[in-house]
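Notes to accompany the following structure.
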Amino acid sequence: MDLELISFELCPYVQRAVITLLYKQASFTLTHIDLADPPKWFLDISPFGKVPVLRVDGETIIFESAVISEYIDEVFPGRLHPADPLQRALNRSWIEFGSACLTETFRMINAKTADKFEDIHADLLEKLQQLEGILGPGPYFNGKQFSLADAAYAPLFARLELLGELVEVYAKTDLPKTARWSETLLAVPAVQRSQAPHFAELYHQMIRNRNGHLASLLPSR
């Protein structure tokens, strides 16, 4: 099977699929595009004009990160979704919640004023508190087994780790289960290898380019 994952370097949704592929030890190629100036061939195959897109055997196109990750999970050994239908549905629900948390990080980066930033930060913190309330003892979302839910949240925690160098995103003493889960996921080899080279530099540059409140907190170059 020939798998080509089409991406841009900082997309957290693409990173979810990359983590799944790496964890499964699947063979794939990663093609980066410039979303600010996407090539025509990409627009021809991506119905929404966004990444990730998975091209299977050079012709079949699959899109949307959750769909791609579940396809990868189904065709390679070692299922990462729970066998129990109810638990599987619960995982899917909280994966969507993780996407909402990622949206808050985008909003934080785009916030032009300190007041607007604090409003969005409060929204994110409320979501993280909800997450804290449903987490078990760990070390992973479902306990001892790494799952697609873990692959979905790892990109969020990688970004919160970098944002935490500029502001206190959350107090680890207030959200201890979330903090432990984050630490566990960021140490997983597939998660570490999924990050773009010079990830921190690229992320900081993206913050600078948005010219918002967070950009003013970055150290001068």
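Highlighted here are the helices (runs of 4 or more DSSP H) found entirely within the stretch 133-211 that include at least 3 residues which are within 23 Å of Met108 (Cα to Cα): 148-163, 176-186, 199-210.
Scanning the stretch 1-53 for residues being in a strand (DSSP E or B) and either closer than 24 Å to Tyr203 by Cβ or free of Cβ contacts under 8 Å to residues at least 12 places away in the same chain (or both) gives a total of 8. Residue-level check: of (1) modelled with pLDDT of 95 or more; (2) within 29 Å of Phe28 (Cα to Cα), Lys177 misses just (2).
The residues of the stretch 42-77 that are within 23 Å of Glu96 (Cα to Cα) and of a type in the set (S, T, N, Q), listed by number, are Ser46, Ser65, Ser69.
Taken together, the residues in the stretch 76-87 that are surrounded by 12 or more Cβ atoms within 10 Å (Cβ to Cβ) and either of a type outside the set (D, E, K, R) or within 19 Å of the chain's Cα centre (by Cα) (or both) amount to 5.
Going by the structure shown, is Gly98 within 28 Å of Thr173 (Cα to Cα), touching a strand residue (DSSP E or B) at 6+ places or on another chain (Cβ under 7 Å) and of a type in the set (Gly, Ala, Ser)? No.
Here is a yes/no grid of residues against (1) over 20 Å from the mean Cα position of the chain (by Cα); (2) surrounded by fewer than 16 Cβ atoms within 10 Å (Cβ to Cβ):
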position: Gly49; (1), (2): no, yes
position: Ile61; (1), (2): yes, yes
position: Leu90; (1), (2): no, no
position: Ala100; (1), (2): no, yes
position: Ile109; (1), (2): no, no
position: Lys112; (1), (2): yes, yes
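The values are calculated or read from the model by the stated rules, or taken from the named source; none is laboratory data. Bear in mind the structure is a predicted one, so any value in this text is a computation, not a measurement. No Cβ is skipped: glycine too gets one built from the backbone with ideal geometry, and neighbour counts run over all protein chains shown.
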